[in-house]
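Here the structure comes first, spelled out in structure tokens, and everything after it is commentary.
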Amino acid sequence: MRAPSPQQFERILPLPFVHLIINLSEPSRVRQLDGVTVAQRVEGAFVAGVQHTVLINENPAVLHHVGIRLRPSGLIALTDHSVGHEVLNAEPLMPGITALRASILRATAAVEALDPVETQLREWIRPEWSRHPALERALRMIDDDPNLRIADVARTVGISGKALINLFTMHCGITPKRYAEVARLHRFVNSIPSRAPIPTWTELIAETGYYDQPHFIHTFTRFTGQTPQRYLESVRNTVGAAPSFLPTRSIDTG
């Protein structure tokens with residue numbers, strides 16, 4: 001991807017994926033909107049685990065990067081380090097990624113840049129790695145219906161609730177309950193039409209499985225730092241914005 005940055009500062013809502021970003025432009029800064037973490041400088045390549053709070057990103061003038069989206073259990077195939085609610089330098093996790101970035105920068109065409117990425121990803125796959133059937137089935141179940149009770153998911157895949165929590169924590173860096181909350185939020189955000197008219201939040205929650213409105217408001221505000229009403233106002237007032245990426249005032253205030 002290479003394009004002028006649509007905004008200097010943006011709020012990135014929690015997403016049910018792990019992201020490997022190879023930054024090819026100027027360094028940027030990112031901060032987790034958790035009331036504790038300070039802004040950190042990110043350059044080169046970095047990994048962002050499944051977040052459960054908003055990330056505030058300070059974009060360079062030109063966005064130029066290769067982004068790789070992984071399933072929550074995908075990173076463990078490439079490195080023995082699971083990434084939780086973190087944004088980490090990728091080089092210690094995947095040695096050689098700095099050299100890969102340099103080869104991408106030398107490329108003169110998109111296919112010339114992406115071929116070495118695919119080759120390197122295959123080489124990073126750990127020989128001892130294999131998919132865990134119960135975990136993969138549980139992930140699919142939650143993706144299909146984030147409103148399922150976690151105890152029912154564990155029972156269906158044939159393991160105890162404690163074992164499922166341990167699997168998620170070890171392989172995905174997040175508990176199954178928290179992952180289901182992020183997946184449910186993502187489904188809600190993705191249900192927002194890209195064009196007007198945008199429904200009210202009460203209409204949207206009726207379509208996405210939130211049956212308890214006070215609980216929804218509490219959960220949404222905890223994850224995004226905004227009430228549903230304020231969030232939808234931001235979407236309505238931002239032409240062409242992706243619902244999970246909205247402009248904000250600064251990296252400090254969000």
(request) Return the residue satisfying two criteria in turn: it lies in region 1-14 and is closer than 27 Å to VAL111 by Cβ and either of a type in the set (Val, Ile, Thr) or not in a strand (DSSP E or B) (or both), and of such residues it is modelled with the lowest pLDDT. (result) MET1
(request) Kindly provide the set of residues from region 163-182 that are crowded, with 19+ Cβ neighbours inside 10 Å, among the hydrophobic types (A, V, I, L, M, F, W, C), within 18 Å of the chain's Cα centre (by Cα) and part of a helix (DSSP H, G or I), ordered by number. (result) PHE168, CYS172, ALA180, VAL182
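Answer yes or no as to whether VAL62 is surrounded by fewer than 18 Cβ atoms within 10 Å (Cβ to Cβ), out of contact with any helix residue (DSSP H, G or I) (no Cβ under 9 Å at 6 or more places or on another chain), outside the structural domain of GLY225 (by TED's automatic domain parsing) and touching a residue at least 24 places away in the same chain (Cβ under 8 Å). Show your work before the answer.
Numbers: surrounded by fewer than 18 Cβ atoms within 10 Å (Cβ to Cβ): yes; out of contact with any helix residue (DSSP H, G or I) (no Cβ under 9 Å at 6 or more places or on another chain): yes; outside the structural domain of GLY225 (by TED's automatic domain parsing): yes; touching a residue at least 24 places away in the same chain (Cβ under 8 Å): yes.
It is true that VAL62 is surrounded by fewer than 18 Cβ atoms within 10 Å (Cβ to Cβ), out of contact with any helix residue (DSSP H, G or I) (no Cβ under 9 Å at 6 or more places or on another chain), outside the structural domain of GLY225 (by TED's automatic domain parsing) and touching a residue at least 24 places away in the same chain (Cβ under 8 Å).
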(request) Go over the candidates GLY74, GLY67, GLY96, GLY49 one by one and state the one that is on the phi > 0 side of the Ramachandran plot and at pLDDT 90 or above. (result) GLY96
(request) Quick one: which residue in ILE56, ILE68, ILE104, ILE76 is within 17 Å of ILE21 (Cα to Cα), under 19 Å from the mean Cα position of the chain (by Cα), of a type in the set (Val, Ile, Thr) and in a helix (DSSP H, G or I)? (result) ILE76
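Taking only region 242-251 into account, find how many residues are touching a residue at least 12 places away in the same chain (Cβ under 8 Å) and within 17 Å of SER191 (Cα to Cα). Walk me through it before giving the result.
So in region 242-251, the residues touching a residue at least 12 places away in the same chain (Cβ under 8 Å) come out as 243-251.
Now narrow it down to the ones that are within 17 Å of SER191 (Cα to Cα): 243-246.
Number of matching residues: 4.
Of all residues in region 107-128 being charged (D, E, K, R) and assigned to a helix (DSSP H, G or I), which is modelled with the lowest pLDDT? Full working, then the answer.
Of all residues in region 107-128, those charged (D, E, K, R) come to 112, 115, 118, 122-123, 126, 128.
Now narrow it down to the ones that are assigned to a helix (DSSP H, G or I): 112, 115, 118, 122-123.
Working: GLU112: 84, ASP115: 90, GLU118: 92, ARG122: 94, GLU123: 94.
Among them, the one singled out is GLU112.
Somewhere in region 32-46, is a residue in contact (Cβ under 8 Å) with a residue 60 or more places away in the chain, closer than 27 Å to ILE192 by Cβ, crowded, with 19+ Cβ neighbours inside 10 Å and not assigned by TED's automatic domain parsing to the domain that holds ARG140?
Step one: of region 32-46, the residues in contact (Cβ under 8 Å) with a residue 60 or more places away in the chain are 33, 39.
With the extra rule that they be closer than 27 Å to ILE192 by Cβ, the set shrinks to 33.
After this cut, where a residue has to be crowded, with 19+ Cβ neighbours inside 10 Å as well, the list is 33.
Checking which are not assigned by TED's automatic domain parsing to the domain that holds ARG140 leaves us with 33.
Within region 32-46, one or more residues are in contact (Cβ under 8 Å) with a residue 60 or more places away in the chain, closer than 27 Å to ILE192 by Cβ, crowded, with 19+ Cβ neighbours inside 10 Å and not assigned by TED's automatic domain parsing to the domain that holds ARG140.
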(message) Looking at SER28, SER82, SER73, SER103 in this structure, which one is surrounded by 19 or more Cβ atoms within 10 Å (Cβ to Cβ), over 21 Å from LEU139 (Cβ atoms), among the hydroxyl-bearing types (Ser, Thr, Tyr) and outside the structural domain of ARG178 (by TED's automatic domain parsing)?
(response) SER28
(request) Write out, first by first residue and then by second, each pair whose Cβ atoms fall under 9 Å of each other, whose residues are 6+ apart or on separate chains, and whose first residue, in region 211-233, is at negative phi while the second is small (Gly, Ala, Ser) and in a helix (DSSP H, G or I). (result) GLN226/SER234
(request) Say whether the condition of being surrounded by fewer than 17 Cβ atoms within 10 Å (Cβ to Cβ), hydroxyl-bearing (Ser, Thr, Tyr) and touching a Leu at 6+ places or on another chain (Cβ under 9 Å) is met by at least one residue in region 124-132. (result) no
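The values are calculated or read from the model by the stated rules, or taken from the named source; none is laboratory data. The structure displayed is predicted, hence computed values, not measured ones. Neighbour counts run over all protein chains shown; Cβ positions are idealised from the backbone, glycine included.
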